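Data block below; observations after.
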Amino acid sequence: MSDPLKAPDNPVKPGQRVIRPWLLFGLLVLLIILLIVRDDLRQNAAESSENAVHYLAFDILGWSPRDLFVWRLRLAGLLESPLGQQWVGAVARASEQPLRVGDQYRTSEAFKDDQVEAHVYELALERGEKLVWQLSRLDTSGSRLYASLERHESDGQGRSTVERLNADGVIKSWVAPQPGTYRIVLQPELFARVEYSLAIAYGGSLPFPVEAASQRNIGSSFGASRDGGAREHHGVDIFAKRGTPVRAVIDGRVRTGTGGIGGNHVWLSGGMLGIGSARYYYAHLDSFAIETGDAVTKGEILGYVGNTGNAITTPPHLHFGIYSGGPVDPAPFLKPEPVLP
């Protein structure tokens, strides 16, 4: 049995202790030389470092792009200067009188290099509404423009960044996971002259589930009283002629049923095995066009409008519900999809 206190039979020679640090130093020097000589490696290393910083700052800590610039001012010793304080307070000053935008908006604006200011565009979104934007630079300077989509916290304790905006001219979209007041904030770095264009639109995030119908065909809203106040209506009723096709609002899998108050009904779920996805409920169907377990694509016919179940005494209609941690009002999801002006 070996003795743990006994010295090893093959101790490291003194020369080996000296070689190891020099070997590591040599590898470090070689890496530095490669980064200097090879542009592609240097660019990849810079991009990887920048991506890592962005992930930590924005995705983990929830900072806005401006917060990162504040740290740059701090490291440069400018944060406490009058100019630094003026830059930090620019968003708060602009937020006192934000520009409130409707469901479609477009503008072209400029920041002057001798002024310290920010631009704030405010809008109200409901859960399930999709926001679409296009932000483009109109100038050719290399100065930075910090842009973010932020949400006002429900507890009134400030705002959180939900998306970073790139001024690359690419059309981007985002679906609001909860209702609230949101704002798009734009601010250039110090002494920067920036020109930009911004287009904004918001509306529904799902296609309408009943063919050739729209919001005007909704006759019973979410939360309406049912059975003398014993329960609430957990969906919307979309009235249409019997036999009108009913379509899938997402790609997913279906499960059919024929009993209960929903009569002929379909559950549609996305994601892997329906896990982590909202579930979409189609009730009172006259008949089915699919079977349980079928994989369907968005727009595919699931069945046809009817009045089965407890709707037997009402005109034909589709009861459409959304469930995600409980029932969710489908109406904002079913607004006309946004189109940029």
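Inspection of the stretch 115-132 identifies at least one residue that is assigned to a loop (DSSP other than H, G, I, E, B), touching a helix residue (DSSP H, G or I) at 6+ places or on another chain (Cβ under 7 Å) and acidic (Asp, Glu). A count restricted to the stretch 187-222 and to residues that are loosely packed, with under 14 Cβ neighbours inside 10 Å and in contact (Cβ under 8 Å) with a residue 12 or more places away in the chain stands at 6. Taking the criterion of being farther than 24 Å from Ser220 by Cβ, of a type in the set (A, V, I, L, M) and either open to solvent by less than 20 Å² (accessible area, probe 1.4 Å) or not in a strand (DSSP E or B) (or both), the residues of the stretch 256-300 that qualify are Met272, Leu273, Ile275, Ala289, Ile290, Val296. Note on the stretch 301-335: residues that are part of a strand (DSSP E or B) and either of a type in the set (Asp, Glu) or over 16 Å from Gly259 (Cβ atoms) (or both) amount to 12. For the stretch 115-170, filtering for residues that are more than 17 Å from Ile200 (Cα to Cα), of a type in the set (D, E, K, R) and free of Cβ contacts under 8 Å to residues at least 60 places away in the same chain leaves 4. Taking the numbered list (1) farther than 24 Å from Pro332 by Cα; (2) open to solvent by 20 Å² or more (accessible area, probe 1.4 Å) in turn, Glu153 passes all entries but (1).
Kindly indicate whether Leu135 is crowded, with 16+ Cβ neighbours inside 10 Å, in a loop (DSSP other than H, G, I, E, B) and of a type in the set (A, V, I, L, M). No; evaluated as a whole, the condition is false for this residue. One residue stands out among those in the stretch 83-104 that are open to solvent by 90 Å² or more (accessible area, probe 1.4 Å) and touching a strand residue (DSSP E or B) at 6+ places or on another chain (Cβ under 6 Å): the one that is farthest from Phe191 (Cα to Cα), which is Asp103. Being open to solvent by less than 70 Å² (accessible area, probe 1.4 Å) and modelled with pLDDT of 95 or more is a property that does not hold for Asp168. The residues on offer are Asp237, Asp251, Asp286, and the sole one that is farther than 16 Å from Pro207 by Cα and touching a Gly at 6+ places or on another chain (Cβ under 9 Å) is Asp286.
The values are calculated or read from the model by the stated rules, or taken from the named source; none is laboratory data. Keep in mind that this is a model prediction, so the values were computed, not measured. Here Cβ is always computed from backbone atoms with ideal geometry, including for glycine, and neighbour counts include all displayed protein chains. Side chains are part of the model used for accessible areas, which takes the heavy atoms of the whole protein and leaves out ligands, DNA and RNA. Shrake-Rupley method; radii C 1.70, N 1.55, O 1.52, S 1.80 Å.
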